[in-house]
1. Determine whether the stretch B:164-171 contains at least one residue that is within 14 Å of chain A (Cβ to nearest Cβ) and surrounded by fewer than 23 Cβ atoms within 10 Å (Cβ to Cβ).
2. Hey, among A:137, A:115, which residue is surrounded by fewer than 15 Cβ atoms within 10 Å (Cβ to Cβ) and either of a type outside the set (Phe, Trp, Tyr) or without any contact (Cβ under 8 Å) to a residue 40 or more places away in the chain (or both)?
3. Please enumerate the residues belonging to the stretch B:265-283 that are open to solvent by 30 Å² or more (accessible area, probe 1.4 Å) and either touching a Pro at 6+ places or on another chain (Cβ under 8 Å) or without any contact (Cβ under 8 Å) to a residue 40 or more places away in the chain (or both).
4. List the residue pairs whose Cβ atoms are under 9 Å apart, where the first residue sits in the stretch B:391-404 and is free of Cβ contacts under 8 Å to residues at least 40 places away in the same chain, the second is of a type in the set (Ser, Thr, Tyr) and open to solvent by less than 30 Å² (accessible area, probe 1.4 Å), and the two are 6 or more positions apart or on different chains.
5. Of the numbered conditions (1) surrounded by fewer than 19 Cβ atoms within 10 Å (Cβ to Cβ); (2) at pLDDT 90 or above; (3) more than 22 Å from residue A:126 (Cα to Cα), residue A:149 fails exactly one; give the number of that condition.
6. Output the residues belonging to the stretch A:93-112 that are surrounded by fewer than 21 Cβ atoms within 10 Å (Cβ to Cβ) and aromatic (Phe, Trp, Tyr).
7. Output the number of the condition that residue B:296 fails; it satisfies all remaining conditions of (1) at pLDDT below 75; (2) open to solvent by less than 80 Å² (accessible area, probe 1.4 Å).
8. Quick one: would you say residue A:35 is in contact with a Cys (Cβ under 7 Å, 6 or more places away or on another chain), within 9 Å of chain B (Cβ to nearest Cβ) and modelled with pLDDT under 90?
Amino acid sequence: MGSDSFKLTDGWLMVIDSKLSPAIEIMDVCKQYGSKLAVDHMNLSVNRGELFAFLGPNGAGKTTTIKMLCGLLFPSSGSIKICGYDLKTQGDDARRLISYVPDLPFLYEKLTGREFLQFIGDVYGMKRERVDLKIEEMIQLFGLGEFVDELTERYSHGMRQRMVFASALLHEPEVLVVDEPTVGLDPKSVRKLKDVLRSQADLGKAIFLSSHSLDIVEEVADRIGIIFQGKLVACGSLESLREQSGTGGSLEQVFLEMTKENQEQNEK
Amino acid sequence: MKNSAPNTPLSEQLNPAFPAAFPASGFALFKMKKRTLFNQASQLKGRLLIRPIVLLFCSLIIWGLIFGTSLAGFNFLKQQKLPLGGGVIGLLFDLLFFSLGSLLVLSSGMIIYGGLFSSPETNFLLTKPIKADRIFAYRFVEAIGFSSWAFVILGSPILIAFGVVADSPLHFYLYLPFFFFGYVLIPGSIGAVLCLLIAGLLSRGKKLLFAILVMVVVFLCLTAMGRFFNSVRKDGIDREFVDATLRQFEFSRWSGLPSYWISRGIRAAGRGDLAKANYNLLLIWSNGMALYLGGAFLSKILYRRAFDRMIAFGSDAKKSKKLFFVDSIFEKALGFLGSSKRAIMLKDFRAFRREPRQWAQVLVFGFLLFLYFGSVRRSFRGEVTWPYQNGVSLLNLFAVSLLQCTYVGRFVFPMISLEGRNFWILGLVPMPREVILWSKFHFAFWSTTPIAVLLVIFSDFMLKMPMDYFFVHLWTTLIASLAICALGVGLGACVPNFKETDPSKIAAGFGGTLNLVISLFLLIVLIALLSGIWHLNHSGDQYYAPSFNGTLFIVAGIATGSVIGLMAMLIPMSAGSHYLRSKEF
């Protein structure tokens, strides 16, 4: 399974292949910063319709992994595929299928929310009628109606975050990469966000969620991966992580146990 | 299932929102830029137009001054029966465009570097399916627009003055914008290509490379200056001097240089020789566009890789836990200040020294000034007279203060703005907020005044000025330093720009321009009162003690200048303190 499959002229085979391939494939990826190995031989795949949560202490390599998933950074070795497209060699095609919501949302200060969404539609080459339709849908979904026609420079953090989510979902991406989405959001917005993420996964999208909010992860994630010192030290459902860690408690206990255990191993 | 579209990209098959063609994302970027500019213009409606009016007014003053000076200069040449289409004017134009072009290479290269590699917008765009060459094109246009306005403001008054004096036909003026905009493509593209190559291929050693580049530029400048001063070390200005001078700049007349094409083209348009003007215009545009395409092609191959390298190697160097020896010296030298002021100053000093792009410029200009002061006496050896000594020493004093004024405007003025969103850290420290302001003032004063004082002493020493000149000049430098530093810090607090993170953009914005204009005006007033009257009273054929009335004028001038200087220090600092105290973060 790979990008070669899509070069076949038989459209039927091509579509079947793509539907079977994981949405995200991280294959033996390493990322080196000078002498520091930020990501160490990572192997991971996330399927369509799956909400995958990515946990790890600060400096473990989460952000580096996310930046590689979005095509901002390239792996020093190994490869990453998005729906079969290699991010290094077919980056533009792969990026058409991804949306990235960073922890610090970027908006053009001198555009209104609606203009920003129209710009996103233009960037993804969407037809105008389709963009207008989707904008109205996003306004309803995220409750943007009151401020969508104001310049974004006047938005609060919560409004910005909602606008960024709306822009991320506008073009109906196959893969949604989300980094710390709940920082600075009120409980109602957090609830809304959890529902949106879950519903996107149920629609068949792959969600890659990085967060320190373990309660949210525990509630919404199908599968959880824990990265520690650049290595994916555990991956699976909450139940399987409990088994791996030997603790029957909360995700917090599992997380602390897994990272402690590995720290001790590294120290030895 | 979807058999009808075997070659359709997967993204489109999975997602019906996409059209068949690859998104015209490059066009989307320019459309967005147009919209943001339109929104910015709309915001001006119903608001005070002080900002654009001040900017326009300052630009017009600079334009008018250059136009007036050029008009006088060309008229002088005409009176001397020098042909306006001849060698001397040709050389002047060659040199003008060569130097402006060289500056454009540097400025557009640096702006493109910032735009391509260290802007949050770039991070955002790179996660979108936008081709690398389209992001490059977007950043290129932005950089060219940002860096070439100075070219237009400096170049257009000179050329229009030339057209007026040379009685050029109307089409000469119509040609000018086409020559200008075609020409800026060439240095802009060269700057962009250099930026991509440096970032893409040499990231690991970029600081070292930058230092080497600066040293090469300084060396070339020194060599050129040395050659120039050697050539003018003659008795009087005669034919031999003119020929020798022309020979020094022969390199700018090489027919392969774009500056030569624009110089020839514009002069041809001025004479009405349209065939030659068109030929050179086409030469400029075709080369400019070819170079731009080269840059775009390179960006396609290198840009994303370069971005990856910049992040991967950018933060490799670990800082030592121990106090760096320069920081230690800095901290000990400021032992007389309170610990909180010292801590803030040390923070600013560290940020400054870790940014070679900042201090390298100051170092180069300071060193060039030092070199000039060392050579100025030798240049006129054998015939230097007292009026020359008197006049040149005043000009040197002005040059030193001007350098200090530029430094404060470029580096000190943005300091409060750069605290930006992190201001709450300093804001929560248990000390009055004016301490923050005074620490910035001390930083500005103590990092510039000793250098200014040394340069002034060196200049007077080389010119063998009498001792009383030393005291007058030092007092002037001291008062001017206090006023300029306080103005930069105080105004920086009164009109901060907390949203901008690029100090050059803060300095080039409304507040920065206002600061520069007021500083220049203040500098002229202070130097005129504190030293100008003194120099006027000594402007005879030789040095002699001033008369009683002259002494009265001098004392009155120094006293008035000192009072104005101290007021110019206290008023902005007080206003800045008031602003900071009342500011909510």
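The values are calculated or read from the model by the stated rules, or taken from the named source; none is laboratory data. Bear in mind the structure is a predicted one, so any value in this text is a computation, not a measurement. Glycine also receives a Cβ, built like all others from the backbone with ideal geometry; neighbour counts cover every protein chain displayed. Calculation scope for accessible area: heavy atoms of the full protein, side chains included, ligands and nucleic acids excluded. Shrake-Rupley method; radii C 1.70, N 1.55, O 1.52, S 1.80 Å.
1. no
2. None of the other options fit; the residue is A:137.
3. If the condition is that a residue be open to solvent by 30 Å² or more (accessible area, probe 1.4 Å) and either touching a Pro at 6+ places or on another chain (Cβ under 8 Å) or without any contact (Cβ under 8 Å) to a residue 40 or more places away in the chain (or both), then B:272, B:273, B:275, B:276, B:278, B:279, B:282, B:283 are the ones that fit.
4. B:399/B:459
5. Just one mismatch for residue A:149, condition (3).
6. Selection gives A:106, A:108.
7. Condition not satisfied by residue B:296: (1).
8. No, not satisfied.
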